[in-house]
Amino acid sequence: MSSKPMEPLARKLFKGILIAEVLGVFGAYWLFHKMNTSQDFRNTMNKKFPSILQIYYKSNELAGIYGIKEKDEEAWSYKKET
């Protein structure tokens, strides 16, 4: 028995996994960049996916960047009052 028939399948599977991972990395970067540059987008994320926003805040705190969450909460509470 030879493994020749499995090579094309294994190669296609490897390419598919590699493409999925590359798309995942670019998607994660796009999401981080969008959250990092837009307070309105963070507000949308807070309403729809609060757990993802908490991960964003935590990753910034681990990187030594503090105060984003507090500034967002202050801005959003101000919008609710007016």
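Coordinate-derived values only; no laboratory data. Values in this document were obtained by computation on a predicted structure and should not be read as measured data.
Read through the labelled values (i) 19.2, 66; (ii) 32.9, 105; (iii) 20.3, 75 and report the label of the one computed as Rg and Dmax of the Cα atoms in Å from the structure.
Correct label is (iii).
To the nearest 10 degrees, how steep is helix 39-48 against the longest Cα principal axis of the chain, on a 0 to 90 scale?
70
Under 18 Å Cα to Cα from K79, which aspartates and glutamates show up? Leave out anything in the same chain fewer than 8 places away.
Of all the aspartates and glutamates, those that pass the test against K79 - Cα under 18 Å, at least 8 places apart if same chain - are D40, E70.
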